Each structure stands twice: as structure tokens, then as C-alpha cells.
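Reading through the C-alpha cells given below for one structure.
The values are calculated or read from the model by the stated rules, or taken from the named source; none is laboratory data. Source: prediction; values computed, not measured. We place every Cβ from the backbone using ideal geometry, glycine too, and count neighbours over all the protein chains shown. Calculation scope for accessible area: heavy atoms of the full protein, side chains included, ligands and nucleic acids excluded. Shrake-Rupley method; radii C 1.70, N 1.55, O 1.52, S 1.80 Å.
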Amino acid sequence: MRPYASWKYIALLIVTIFSALYAAPNLYGQDPAVQISLESGEALPDSFGERIATALQAPGITPTSSRREGTHWVVRFDSTDTQLKANDDIKRELGNRYVVALFQASKTPAWLASMGAKPMALGLDLRGGVHFLLEVDVDTVRKKAIENYVSELPATLRKEGIRYTGRRQNGDAVVLEFADEAKLDAARRFIAKEYRELALQNAPGQPLVLEARITDVEAKRIQDFAVQQNLITLRNRVNQLGVAEPVVQKQGANRILVQLPGVQDTTRVKELLGATATLEYRAVVQDADAGSAAATGIVPPGTELFYTREGHIPYLLNKDIIASGSQLVNAQPGIDQQSGTPMVSVTLDGQGAKRMFDFTSKNVGKPMAVLFRERQVVTTYNAKGEPMREHRDIDQIISVASIRGVFGKNFQTTGLGSKESQDLALQLKAGALAAPVDIVEERTVGPSLGADNIRQGFQAAALGLALVALFMIVYYRVFGIFAILALALNLLLLITGLSLLQATLTMPGIAGLVLTMGIAVDANVLIYERIREELRGGMSPAKAIEAGYDRAFLTIADANVTTLIAGIVLIAVGAGPVRGFAVVLALGIVASQFTAIVGSRALAHLVFGRRARMTDLPIW
Amino acid sequence: MKFFDRVPKIDFMAQRKTGLWVSSLLTIGVVLLLAFRGLNFGIDFTGGVLVEVSYPQTVELEDVRQRLAKAGYERNTVQFFGTSQDVLIRLPPAEETSSAKVSSNILEALGAAEQNIQLRRIDFVGPQVGEELTEKGALALIFAFIGIAAYIMFRFEWKFSVGAVAALIHDAMMTLGFLSVFWVEFDLTTLAAILALIGYSNNETVVIYDRVRENLIAQRRANIFEVVNLSINQTLLRSVITHLTTLLVLTALLLMGGSSVHSFAVALIFGVIVATYSSIYVSTGLAILLGISREDLLPPQDEAVDELP
């Protein structure tokens, strides 16, 4: 037999060690833990450990560990009871600026974790939790935009001195009628210049009627804006829920996927997802001292006291609202052309623009504030330390700026840092009246079902593996053992792949894993049958092994590629559970091409390679 | 251990025409079956609500039905799921479909809180999601067919491509027919099973094709029928063993995997059996009918195969 190149043994050994290392986190299991992070998403300082220690000192809870992991702080406990108790204590100590979530922390040792090794991510069907697919009602948003133009366009035309004889809304178009062509042309020129987002055309057969529609580009922008608003709002709210590892993701053109592992109470989630938020532009009252109002609690009539989101600085704001979130059309971070510094460019609709114009004409130089108001369900604690759920209005000032000049529809907020401008634009969007969302899909998996699924899945996999191993060893004897070792390595590589990619393992994924075991041995069956055939044909054992592996190689490759094609199509087109299945199938096939050929061949060479005088092989 | 002592000599190709006729008629039958009887689509495709609850003691289904009807869900389907304590409730997609309040309302109607009913699972799928899924599923099948056909054309020849894809369509149709006859629920996981079957079935076809090519080039005197028969016989044992191991793991999945992979396992077990037949009679049979010849497969320089790694 040709000696098998030693680098192949080394490669095999390295692959085995590497995958054993990266699959290892799956063996360690999990600690009950509490995860703490800042609502803003910033990293917690190292000194934060002292606050946790103080919080847990009074009730006499000793955590098994308390340390920073990434931007979160993770406190581990030895039992679920202490975890639950500590969760309440920590929440009470820290207040609402922090997100405190129950969490199953992996027991992976630090040296492994520092290499990037993580356990597989389990899908909701295996760990329990809720899954929502929300659809943003884009049509309503578009209809509202048209309505805005119906009231705004005629008003601006009047101001420009362009007279029209009629206006109305016709489906998705604003229809304007004119007395003569000169006026129509003037209007057309004006609208084309001022409203680039509108496409103009003459009504068919009516030369004096002009129709304005929103361009496709603008329609898409409106839709994206509405989806993004919702995405930001939902993310903020999900953070309040105190759920570890939540998923809030855009899916397709107008859907948002929300997955909350471990959550059971969907009523509460729906309440929170349906909370309303809005923005208010208000004047800052300067002739009264906000500091003393905050200290004494005496607020001058016609004003209200609010605090800023960052830094908790008090301001007295006029009760009158200049413009509200529903009138906000767009908010974009950008760079100020004149100063070259970051800014946020805001666009208001017609009504908002008019009030803003009226207000700014009289108040140049004075400060104006943006107030963010949200109605939420908040958990608080009474004197006995029992959690209480209540509705609470959250009112926070997100920006205060002085008015530099008179403006209406478009204006800029300057004097911001680059990150500040990004943040403000996001916050403005989140507070603008978001498009209505519908829940189009909801799946709740109870914790008992999740646990059952895991147990059944792994029992099925174990039984499948045992049956295949028994059969292969009875049928192929020593070579059967090679095949089973190769199959074991295949499983190891598959688990490593899933852990590294952090692909979500679902119940169909486990089914794929079991199926892969059946298919993966096929490569070895092909090879061994070929070896037997060559032995029958009178070839010497050493030559038969060579021929078996060599000739079967291309067949196996062809067969695997076609299965892989089906797998890749599933990954590309499939959603959710189907994709989980396909990822497992595809990874398993790629791994089997390696393990069944290189792995089992190396073993065959190792055992039989040095025997010079073999007359037969233990393959029958 | 061995099943036969030497390569069997079964004349498979003698019945190739019968095989193709039977397959064609069966496929037409399944098309009619799907058109008139259809599939037992799960809520993944139809939309609707599915609730699985677990009672602390045995429960009367009639009682559950009445409670639901009282809450305004007259068109409910209630059945036991495994034991007489676990109940599966299905509701058709409601008129005001976007409201996900349904799930909370049902729990309330059942009196979940008082009766200590444990919620195992709630699935609510809006009808628009289901429609998209059907489209996507069909699209996935078509893309898989195209991809596989292109690969076989590249590796073999177009006549083989036609045979392989015909076998895939045959297997997918037969399995759908089986699911329709036995009214097995067709959900997303079952769809995944059909697609996995396509990969698996093609695996079978490719193994035979590969042998046909090798033998066509090596045995210059034999005619095409002899070559194909020899190739099928040579690979027969391997096919038997592979199906056995696959069926072993699928049986394990069926027995131990629980309800969520039940239809997956059933669909694949049936599909694997059909694939054995179709890889012989449909794919290879059709390729012969189309007139594959030695010239189609000869590599430009007449040597390659034996020197390949």
C-alpha cells in the first residue's frame, strides 16, 4: 500500500483538536444568572461590581461570580431560587435606567470563551419563548402622506399667489384644477421645484387638471422610514422587558421579527409592544428657575417640569405644543454645510411647518426643547419589596437648542457631536407617530414543551447513532469501526460548525442532524462495497483499499454536491425552522466529505498500511 | 457479514418500459389526487390558530368545545394529542385576522387560570404569511430542480439531467400523494422533508449514473442495456445498505423524536423507499429512452477515469 502522507494525519489531528475545543462549550451546561446592561447600550464600568455587591449584601446572597462580559455585567448563582431572588433585589437597587434580565449563562471557562468558543444557540422551540412577526401597515402611512399633501399643496400655492379653482384627493393622487393654462404651468413649475418627491401629470383628457403623485422613490423612503421607526421603538421597548438575548430584526420589506427567549406572558409583551410614544416640540420657559422648581415642587402656572434623558437636568417647558411627533416627516443626521459640524435635519408636514413658522418668527434666539413621551408598563417595588406592575408615563427631554432663525418645513439642529446627532435622529424617529403594526404571526412555546423537544431530539439522535453503529460494526467489522469513528468526527465537526456560526439549532435542525448521520455513512458504504468488489475481483487487500477510496471519491463528491444544492436553496429561500434544518444538512454534508474520506482512510492506513502479507481484510 | 456472495445478475432493464408506464400513470394519479383531495395543510400554510394545552387531569373534549363555542369560536377543531390530558385546538383563520388577541382570548375562554391548565404552545399565523410560504416553497423546489439539473448536465450529459430531474419530480409527487392519501399534516417541517428527499433521491441516481459512465467507458463490447444492468447490480448492495442505515435513523426519529418531527420522519421514510425504485426505473430508464450512448460520455482524451484521485 502507498504510504499515507504524514501531513494528512497531522491535518486530521489538528482538525479534531480544533473542533473538540470549539465544540467543548456545549458540554459545560449553564448557570442561572442575572444579566445587567445600561439602557443606552453603553458598556458598564469595572467598578460596577461594587454596586452589585451592595445590592446583594442586605439579603445575604452570595453570587458564585460577578463580572463584566462584553458590555453586560453577568452575575451567576448556584440555584434558580437565589437567581430569582437576586434578580428582584438587583432591580430594586438599580432602578429603571438599567436592563436587568434573567439569563442562562454558559459555564464555558474563561480561557475557552476568550478564544471565541461559544455553545450552540438554541431556537425558541427548544428553550421556550415567544416569537412575533409584526407587519408595518405601510398603506396607512402612505395614505396619511397623501392627505398631508392635499392640505399642504393648496396652502403653499395660495401663498405663492397661484390661484387654483378646485382641489381634491383621488385615490393616491392630489388633484388640482386651474382656470387657465398659464396658472397651471406656474403651479407645475413651482411644485416641480419645491416638491421634488412628487411626480406631476395632466389628468387624461382634462388639460386644466393637474395630478400630483408621490414618486416611487419617495414611496419607498416613506415605507422604509415607517419600518425603521417601528424597529427603533420596538428595540427600546424590548430592552425594557428585561429579556436576555432578544431579537428585533427587519424581515423583508415591511415586517419586523421579535423573538423573546424565555418569556411566557405574552399579554404583557403585547401591551408593551403596543405602547404609544410621541414627540412634542415645546418652548423652554426662561423667566422662572427650573432648578428651584425641581427642588420645591412649585411649578409656575402654564408650565410643566421635565428632565433631560441624559444627565437628568430640569427644564420648565411651556404647556403649549408647537409641533408633535405625528407631524414629523423625516429626521436625518448629516453635516452642516456652513460650519462643517454634525447636525440633524428635520422635516415637518404642512400643519407642523405652519405652527413652527409662526412660533419661530416671534422667538428667535430663545431655546426650544424636544420632549419624548411614552406610556409604558413598568415594574416597580412597594415597601415590602413586592413587584408591582403599573402603567407609567415616561417623559424625557431629548434635546434643547436655541432658535437661530425663522423656519418652517425644514430645519436643522446643530451644535451636536457626531454620535449625538445620530442618536437624536434615531430618537426623533422613534417618537414620531409610527405606522400601525399588526401581529401577523405569533408563536409561543411553553418551557415544558421546549424541554421535551430537547430531550426527545437527543434521544432520537442517540438511538439513531446506536442503531447505525451496531449495523455498521456487525456488517463491516473493523471497517465498520472506522466508519463509526468517522461519523463521530462528523458529528463533532457539525456541532463545532453550528457553535462557530452561532446558527440557531431548532427541532427541524435536530431532525437534520439525525438524517445527516444516515446520509454520512453512505460515503463509507460506497467505499467499502467497492473494496469488497475489488477483493472479489481478485485484487490484493492493499490494492483494494487504495482502489476503493480512489474510485469512490468522485461518486461521493457528485452525490454530495447535489444534496448540497438542495441544502443551499433551502438556506436561501427558506425561513425560520426550515433554514435551521438546511444549515445543519449543508454543514453535515461538507463535513462528511472530509471525515468519510480523509478520516476513515487515515484509520485504514494506520491499521493495515504496514501489514505486508495480508491475504484478506476484516471487512466481510 | 454479507447479503450476497457475488454481484447479482438481475435484468432490471427488461421491465424498464413497464416501470416508466407505471410511474407515469402514478404521477398523473397523484396530480389528480392533489387537485381534488389536496393536502392536509397545517396552519403554517393556511393561517389560523393552533393551541396546545396540558390539563392536570383527564378532560372531556366536548367540554372544551363548548367553552370555545361560548367565547365565539364555533368553528373549532379539538382533539387529544398523545394523552387524554393534552389537547390540541385548531381555529380557522378569523375574519379580523391581524388581531393576535385570539391567543389570550382562547386561554381565557378555557379558564386556564382556574383550571391550572398549562400552556404548551400557541401558534398564530396570519393568512398573508401562509400565502407567501406556499409561494416560497414552490420557488425553493423549482430552484433546487434547476440547480441539480445544471450540475448533472455539467458532470454528465443533458439526457442524464432529464432523467434525474424526472426522478426527483416523481419522488416528490409520490411522497405528496402519500401524504394526501394518509392525510398527514403538511407543515414547514414536512416541506423541509420533501426538499431533503430531493437531495437524497438524487444521491441515488448519481451513484448509478457514475457507475454507468465508468462501465460504458471500460466495457467497450457490451451494449447499453448490459452496461446499465451491470451498473445497477453492482451498486445494488450499496443502495440496500444505505437505505437501511437511513431508515434506521429515521425510525429512531419517528419513535423518539416526538410530535414536531413526526410528519418529517413519515414523509422521508416513504420517500426513501420510493427513491430506490425511481433511481433505477425513472432516472436511468428515462436516460436510456432518450438514447444515451458511449460517445456522449467519452472524455475528450480517452484516459481520465482511472487516473482520478
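Note down the relative contact order for segment A:139-219 as a percent, whole number, built from C-alpha pairs under 8 angstrom at least six residues apart.
Worked out over segment A:139-219, it gives 25 percent.
Across peptide A:516-524, how many C-beta atoms of other chains are within 10 Å of each residue C-beta, on average?
Mean partner shielding for this stretch: 6.
If the viscosity is 0.692 mPa s and the temperature 37 °C, what Stokes-Einstein diffusion coefficient in µm²/s follows for segment B:169-286 when Rh is the Kirkwood radius over Cα pairs?
In µm²/s, the coefficient rounds to 216.
Stokes-Einstein diffusion coefficient for segment A:54-134 at 20 °C in a medium of 1.002 mPa s, Rh from the Kirkwood formula over Cα pairs: what value in µm²/s?
After rounding, the answer is 145 µm²/s.
Between B:ARG65 and B:PHE182, what is 0.36 nm times their sequence separation minus the Cα-Cα distance? Round to one decimal in nm.
Extending this stretch completely gives an extra 39.6 nm.
So what does the Cα-only Debye profile of segment B:48-125 read at q = 0.21 Å⁻¹, as log10 I(q)/I(0), no solvent term?
With no solvent term, the Cα-only Debye profile gives -0.90.
Using a 1.4 Å probe and counting only protein heavy atoms, how much accessible surface gets buried when B and A come together, both sides summed, in Å² to the nearest 100?
Roughly 6300 Å².
Within segment B:108-138, list the residues whose amide N lies under 20 Å from a label point set 7 Å along Cα→Cβ of B:GLN57.
What the label zone holds, given the 20 Å backbone N cut-off, is B:110-119.
Residue by residue through A:134-141, how many Cβ atoms from other chains fall within 10 Å of the Cβ on average?
1
Segment B:137-169: which residues show an accessible-area loss of 40 Å² or more, assembly versus chain alone, 1.4 Å probe?
When all protein chains are present, B:TYR151, B:ARG155 each give up 40 Å² or more of accessible surface.
Do any residues of segment B:260-277 show a loss of at least 10 square angstrom of accessible area between the isolated chain and the full protein assembly, using a 1.4 Å probe, and if so which?
B:SER260, B:VAL261, B:PHE264, B:LEU268
Just the number please: accessible area per residue for segment A:30-106, 1.4 Å probe, all protein chains included, in Å².
Ligands and nucleic acids excluded, the result is 50 Å² per residue.
Roughly how big is segment A:30-106's charge dipole about its Cα centre, with Cβ charges of +1 (Lys, Arg) and -1 (Asp, Glu), in debye to the nearest 20?
80 debye
How much length would be gained if the chain were fully extended between A:ASP550 and A:THR215, taking 0.36 nm per residue of separation minus their Cα-Cα distance, in nm to one decimal?
Roughly 114.4 nm would be gained on extension.
What is the helix-to-structure angle for B:101-110, meaning the angle in degrees between its Cα long axis and the longest Cα principal axis of chain B, kept from 0 to 90 and rounded to the nearest 10?
Between the helix axis and the principal axis of chain B, the angle is about 60 degrees.
Looking only at GluC sites (Glu not before Pro) in DSSP loops with at most 12 other Cβ atoms within 10 Å, what is the longest site-free stretch of chain B?
The reported range is B:97-302.
Could you list log10 I(q)/I(0) for segment A:98-205 at q = 0.21 Å⁻¹, which the Debye formula gives when each Cα is one point scatterer?
Rounded to two decimals, the profile gives -1.17.
Could I get the Rg over Rh figure for the protein assembly as shown? Both from C-alpha atoms, Rh via Kirkwood, rounded to two places.
Rg divided by Rh gives 1.05.
In deg cm²/dmol and to the nearest 500, what is the mean residue ellipticity at 222 nm of chain A if only DSSP H runs of at least 4 residues count, each as -39500 (n - 2.57), divided by the residue total?
Result for chain A, helices only: -16500 deg cm²/dmol.
If you count, for each residue, the other Cβ atoms within 10 Å and average over each peptide, how do B:82-90, A:596-604 line up from highest to lowest?
Those peptides, ordered most packed to least, come out A:596-604, B:82-90.
How long is the gain from A:LYS107 to A:GLU304 if the chain were fully straight, where each residue apart is worth 0.36 nm and the alpha carbon distance is subtracted?
In short, 65.9 nm is gained.
Counting only other chains, and only Cβ atoms inside 10 Å, what mean value do you get across the residues of B:117-129?
The shielding value for this peptide is 6.
Placing unit charges on C-beta atoms (Lys and Arg positive, Asp and Glu negative, everything else neutral), compute the dipole magnitude of segment B:48-125 about its Cα centre in debye, rounded to 20.
It works out to roughly 100 debye.
Please name which of A:TYR195, A:GLN169, A:THR156 has its Cα lying farthest along the dipole of segment A:139-219 towards the positive end, using unit charges on Cβ (Lys, Arg +1; Asp, Glu -1) and the Cα centre as origin.
A:THR156
Largest first and to the nearest Å, give the Cα extent of segment A:209-353 along each principal axis.
The Cα atoms of segment A:209-353 stretch 56, 51, 36 Å along their principal axes.
Could you run the Debye sum over the Cα atoms of segment A:10-60, one equal point scatterer each and no solvent, and tell me log10 of I(q)/I(0) at q = 0.15, 0.31 Å⁻¹, two decimals?
Results for segment A:10-60 at q = 0.15, 0.31 Å⁻¹ read -0.70, -1.12.
Under a Cβ-only charge scheme (Lys and Arg +1, Asp and Glu -1), can you give me the dipole magnitude of the protein assembly as shown about the Cα centre, in debye to the nearest 20?
Computed about the Cα centre, the dipole is about 1340 debye.
Using a 1.4 angstrom probe, figure out how much accessible area segment B:147-211 has per residue, in square angstrom, rounded to the nearest whole.
Using a 1.4 Å probe on heavy atoms only, each residue of segment B:147-211 averages 25 Å².
How big is chain B on each of its three principal axes, counting only the C-alpha atoms and giving the largest first in Å?
Sorted from largest, the Cα extents of chain B read 82, 43, 38 Å.
Would you check the accessible area of A:THR156, probe 1.4 Å, heavy atoms only, in square angstrom rounded to 10?
30 Å²
Along Cα→Cβ, 7 Å out, is where each label goes; now give me the distance between the ones at A:ALA451 and A:ARG611 in nm to one decimal.
The two pseudo-label positions are separated by 5.1 nm.
Once neighbouring chains are kept in place and the probe is 1.4 Å, which whole percent of the accessible area of the protein assembly as shown is contributed by carbon and sulfur?
C and S atoms contribute 57 percent here.
Could you tell me which trypsin sites (Lys or Arg not before Pro) in segment A:147-197 are loop residues by DSSP with no more than 15 other beta carbons within 10 angstrom of their beta carbon?
A:ARG163, A:ARG196
Give the relative contact order (percent, whole number) for chain A; include only Cα pairs under 8 Å separated by 6+ residues.
It rounds to 15 percent for chain A.
What is the spin-label model distance, in nm, from A:ASN363 to A:LYS118 if the labels are put 7 Å beyond Cα along the C-beta direction?
So the two model labels end up 4.7 nm from each other.
If you rank A:LYS543, B:LYS70 by how much accessible surface each has, with a 1.4 Å probe, what is the order from largest down?
Ranking A:LYS543, B:LYS70 by accessible area, largest first, yields B:LYS70, A:LYS543.
If eta is 1.306 mPa s and T is 10 °C, what Stokes-Einstein diffusion coefficient results for segment B:112-248, Kirkwood Rh from Cα pairs, in µm²/s?
It comes out at roughly 88 µm²/s.
Report the net charge of residues surrounding A:GLN169, where surrounding means a beta-carbon distance below 10 angstrom and charges are Lys +1, Arg +1, Asp -1, Glu -1.
+1
Between B:LEU289 and A:ARG92, what is the label-to-label distance in nm when each label sits 7 Å out along the Cα-to-Cβ direction?
With each label placed 7 Å out from Cα toward Cβ, I get 7.9 nm.
Given a 1.4 Å probe and heavy atoms of the protein chains only, how would you sort A:ARG51, B:ARG211, largest accessible area at the top?
Listed by decreasing accessible area, they come as A:ARG51, B:ARG211.
Would you check the accessible area of A:VAL209, probe 1.4 Å, heavy atoms only, in square angstrom rounded to 10?
Surface open to solvent at A:VAL209 totals about 10 Å².
Counting only the backbone N, which residues of segment B:273-291 are under 15 Å from the spot 7 Å out from the Cα of B:ILE169 toward its beta-carbon?
Output list for this probe position: B:282-284, B:286-287, B:290.
Quick one: ranking A:THR233, A:THR140 by accessible area, 1.4 Å probe, largest first, what do you get?
So, going from the largest accessible area down, we get A:THR140, A:THR233.
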